[in-house]
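Engineer: Right, I'll just put the structure down here and ask away after.
Every number here is computed from the coordinates shown, using simple stated rules; none is lab data. Note that the coordinates shown come from a computational prediction; the quantities given were computed from them, not determined experimentally. As a convention, Cβ positions derive from the backbone with ideal geometry for all residues, glycine included, and neighbour counts pool all protein chains shown.
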Amino acid sequence: MKSGITYTFHHTGIPTDQKREGETYAASVRMYTSDNGGSFRIQWHRFEEGSSLHPLIRTLPHVAFKVDDLQAAIEGEELLLGPYEPLDGFFVAMINDGGVPVELIQTALTDEEIWARARLGQGSLYREGG
């Protein structure tokens, strides 16, 4: 974590090989995402053979933080993904933090707007050719 940047917990992502109810498919990266449904923000990520995402993202759980300055937060970091805009108004990068993927997010969206857009597949991650 860098000084001068605010980091706020957003969710934890966990790779799985099990199909889950309510999965949203992202063809561009061959990944299914579903919410846990509990009180805490847990997402399950299931990857198809041939997913282009970095092996650390496909195999290890990650924690995600909202940050107030994504560019400053990723400066000098090893990028595993992004920065990009997987959901409209939701900017993301994933970094390698000592062998563990960490997702950093910058957005003005409320959590309700973020989760609704993800469930509805609204954004470049879910558009054909994403």
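Engineer: Express the Stokes-Einstein translational diffusion coefficient of the stretch 7-120 in µm² s⁻¹, to the nearest whole number, given a Kirkwood radius over alpha-carbon pairs, 37 °C and a viscosity of 0.692 mPa s.
Structural biologist: Taking Rh from Cα pairs, D becomes 229 µm²/s.
Engineer: Provide the net charge surrounding Asn96, with neighbours chosen by a C-beta distance below 9 Å and charges set as Lys +1, Arg +1, Asp -1, Glu -1.
Structural biologist: Residues close to Asn96 contribute a combined charge of -3.
Engineer: Compute the separation of the alpha-carbon centres of the stretch 97-117 and the stretch 24-76 and state it in Å as a whole number.
Structural biologist: 9 Å
Engineer: Turning to a different aspect of this structure: Using r as the Cβ-Cβ distance of Glu77 and Gln18, and R0 as 35 Å, what FRET efficiency do you calculate, to the nearest 0.05?
Structural biologist: Working from the Cβ atoms, E equals 0.65.
Engineer: Could you line up Ser28, Ser34, Ser3 from fewest to most neighbouring Cβ atoms inside 10 Å?
Structural biologist: The most exposed by this proxy come first: Ser3, Ser28, Ser34.
Engineer: I would also like to ask the following. Expressed as an acute angle from 0 to 90° and rounded to the nearest 10, what is the orientation of the C-alpha long axis of helix 111-120 relative to the principal long axis of the chain?
Structural biologist: The angle comes out at about 30 degrees.
Engineer: Next up: With a cut-off of at most 15 other beta carbons within 10 Å, and DSSP calling the residue loop, which GluC sites (Glu not before Pro) in the stretch 39-124 qualify? Please list them.
Structural biologist: Glu48, Glu49, Glu75, Glu77, Glu78
Engineer: If you don't mind, another one. Which residues in the stretch 68-87 have a backbone N closer than 16 Å to a point placed 7 Å from the Cα of Met1 along the Cα-to-Cβ line?
Structural biologist: Counting backbone N atoms under 16 Å from the label point, the list is 68-70, 73-74.
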